[in-house]
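The values are calculated or read from the model by the stated rules, or taken from the named source; none is laboratory data. If you're wondering where the values come from, they're calculated on a predicted model, not measured in any experiment. Cβ coordinates were reconstructed from backbone atoms using ideal geometry, including for glycine residues, and neighbour counts include every protein chain displayed. With ligands, DNA and RNA removed, areas are computed over all heavy atoms of the protein, side chains included. Shrake-Rupley method; radii C 1.70, N 1.55, O 1.52, S 1.80 Å.
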Amino acid sequence: MKLLLSIHNLKKNYHTKQGEIKAVEHFSYDMKEGEFVSIVGPSGCGKSTILSILCGLDKKSSGKIIKRENLKIGYMLQQDGLFPWRTILENCYIGLELQNDLTNENKEYVKSLLETYGLKEFMNAYPSSLSGGMRQRVALIRTLATKPDLLLLDEPFSALDAHTRLVVCDDVWNIIKKEHKSAIMVTHDVEEAISCSDQVIVLTERPASIKQIYPIQLTDKTSPIHNRSCKEFSSYYNQIWKDIDFHV
Amino acid sequence: MYSEEHKLYLKKQIIYKWIIIGIQLFFILLFLFLWQILSEKEIINPFIFSSPKRVLETIVKLHKNQTLYNHIGITVYETLISFGIGTILGYFIASILWWWRSLYDIFDPFLTVLNSLPKVALGPIIIIWAGAGINSIILMALFISVIITIIHIYQGFKEVDLIKIRLMKSLGASKFQLYSKLMIPATFPNFISTLKVNISLTLIGVIMGEFLVSKEGIGYLIMYGSQVFNLNLVITGIFLLGIVAAIMYYFVCFIEKRLIKND
Ligand SMILES: Nc1ncnc2c1ncn2[C@@H]1O[C@H](COP(=O)(O)OP(=O)(O)OP(=O)(O)O)[C@@H](O)[C@H]1O
Ligand SMILES: [Mg+2]
């Protein structure tokens, strides 16, 4: 498979009045096309930092990031950030508008996404009338509208309750697979990471560097909800959990 | 179309609304009635406290000698001009300060000082600069509203959700796109509340200015009335002012209702 993204020795320091914070150090990873990768690690270790550097919101201090030519990246955050003054459809158009790419063809594409993923009736509604799970799906479609090849998901489901979370996670995963996208997902939930991913990256305490990478091989691997009942699941869970060594 | 239960609910809502209006009317009438009676029986001094009837007579007199509408018109005109310029200028300056962050850091303390300075103190100097006329009045009212507009609007820009800003940037928004597609719509409720504050502040400025310099306007009526000890005129002026202020305020509310969509 072709290489999508190659990160070499990434380093990031934040500078504030209080001092210098080393957020990321010696982070290297080669990502293949079509992969779903999860990043887990202690809280505050620098996970979000890695994603914001990848999508260009933050500058790296040093290191190399080589992207496949014309790689388009879409970023999705924990909060959906939907604009309350725009309808669902207009919210999904925002990326296209900003990139001056709001052609009829792209509009149709967005509408078809909304239709496929059960939001057609809500196209002209405002975000306030949607449930948390639906809003998160809208946020994903807004990200997909500009046709990115790689999706960066920063704790995309942590605003949802436990049950909705399972269902929406499954939905989102299916959407990503169906649209043939690659994804990097940051999560606190080890089970979520194992059930979704091809690779799970475990980070060290801050400054974040790679502690361990787990290629996830499950017998009868299908979608996240079913993956949870695969027989290897719990052994992965135990290993990764131990690796993160939470200090409470 | 609706169920019986829902119809009943709607009916109750309407009845409640009318009861409230009824009670409000009752209090107004009671107040006017007591005022009139007490004044007529000379329990309160009618010369100092006037009476509804005398106020009405004064209004009719002003109407007959054609000056009523001139006074109201001039005050409304001054208020709208200052209000309009103050809002536009204030919004514009706030936007500039947002665009160039360091400009804000430079001017922040000056703004704070200007904001806390009672603007009446500037009255005499403005009159010397702009002459004892309508320009001074407009300028004084403008001074009051523009500073507060800058501060309110800028505050609104500053409070825009960081998540939404990051989202816009991650989608490749330029600074102008960020401003036009996020900052302006996101601070719209803030803008409306600034309008509401501004309309009353501008009116304060205008009346203050009219006290100081003018030869016409509601402020002048009040000032003139007090100088010749015609309390009927003073109270009539206050009454007219209350009506003008209320109409302007409700006008802003009306605009707000028309413009703010489902939120
Ligand atoms: N803009 C910033 N300026 C200064 N320090 C920052 C900034 N952003 C993050 N940090 C610091 O860098 C460290 C890593 O932050 P980051 O948000 O990447 O962690 P995280 O792993 O995503 O945490 P969480 O699990 O809470 O989401 C933290 O100590 C944080 O305080
Ligand atoms: Mg984070």
Say whether the condition of being of a type in the set (A, V, I, L, M) and surrounded by 14 or more Cβ atoms within 10 Å (Cβ to Cβ) is met by at least one residue in the range B:16-31. no
Could you figure out which of (1) open to solvent by less than 60 Å² (accessible area, probe 1.4 Å); (2) of a type outside the set (A, V, I, L, M); (3) within 16 Å of ligand 1 (Cβ to nearest atom) isn't true of A:P84? (3)
All but one of (1) in contact with an Asp or Glu (Cβ under 7 Å, 6 or more places away or on another chain); (2) more than 14 Å from chain B (Cβ to nearest Cβ); (3) within 15 Å of ligand 1 (Cβ to nearest atom); (4) among the small types (G, A, S) hold for A:S61, so report the exception by its number. (1)
Taking the options A:E25, A:E69, A:E35, name whichever one is without any contact (Cβ under 8 Å) to a residue 24 or more places away in the chain and more than 14 Å from every other protein chain (Cβ to nearest Cβ). A:E69
Of everything in the range A:1-13 that's of a type in the set (A, V, I, L, M) and exposed (fewer than 14 other Cβ atoms within 10 Å of the Cβ), which residue is farthest from ligand 2 (Cβ to nearest atom)? A:M1
Residue identified as under 22 Å from A:K47 (Cα atoms) and either open to solvent by 10 Å² or more (accessible area, probe 1.4 Å) or within 16 Å of ligand 1 (Cβ to nearest atom) (or both) among A:I210, A:I176, A:I194: A:I210
From the list A:L140, A:L218, A:L153, which one is in the same structural domain as A:L96 (by TED's automatic domain parsing) and either of a type in the set (K, R) or at negative phi (or both)? A:L140
Looking at the range B:88-101, which of its residues are assigned to a helix (DSSP H, G or I) and modelled with pLDDT of 95 or more? B:I88, B:L89, B:G90, B:Y91, B:F92, B:I93, B:A94, B:S95, B:I96, B:L97, B:W98, B:W99
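Residues checked against (1) open to solvent by 40 Å² or more (accessible area, probe 1.4 Å); (2) more than 14 Å from chain A (Cβ to nearest Cβ):
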site: B:V160; (1), (2): no, no
site: B:G172; (1), (2): yes, no
site: B:S180; (1), (2): yes, no
site: B:F191; (1), (2): yes, no
site: B:I204; (1), (2): yes, yes
site: B:G209; (1), (2): no, yes
site: B:Y220; (1), (2): yes, yes
site: B:M223; (1), (2): yes, yes
site: B:V228; (1), (2): yes, yes
Please go through the range A:132-151 and pick out each residue that is touching a residue at least 24 places away in the same chain (Cβ under 8 Å) and either open to solvent by 20 Å² or more (accessible area, probe 1.4 Å) or not in a helix (DSSP H, G or I) (or both). A:G132, A:R135, A:R137, A:A145, A:T146, A:K147, A:P148, A:D149, A:L150, A:L151
Where in the range A:14-126 are the helices (runs of 4 or more DSSP H), entirely inside, with at least 2 residues that are under 17 Å from the mean Cα position of the chain (by Cα) and within 16 Å of ligand 2 (Cβ to nearest atom)? A:47-54
Can you say whether A:K59 is free of Cβ contacts under 8 Å to residues at least 60 places away in the same chain and outside the structural domain of A:S129 (by TED's automatic domain parsing), as far as the supplied structure shows? yes
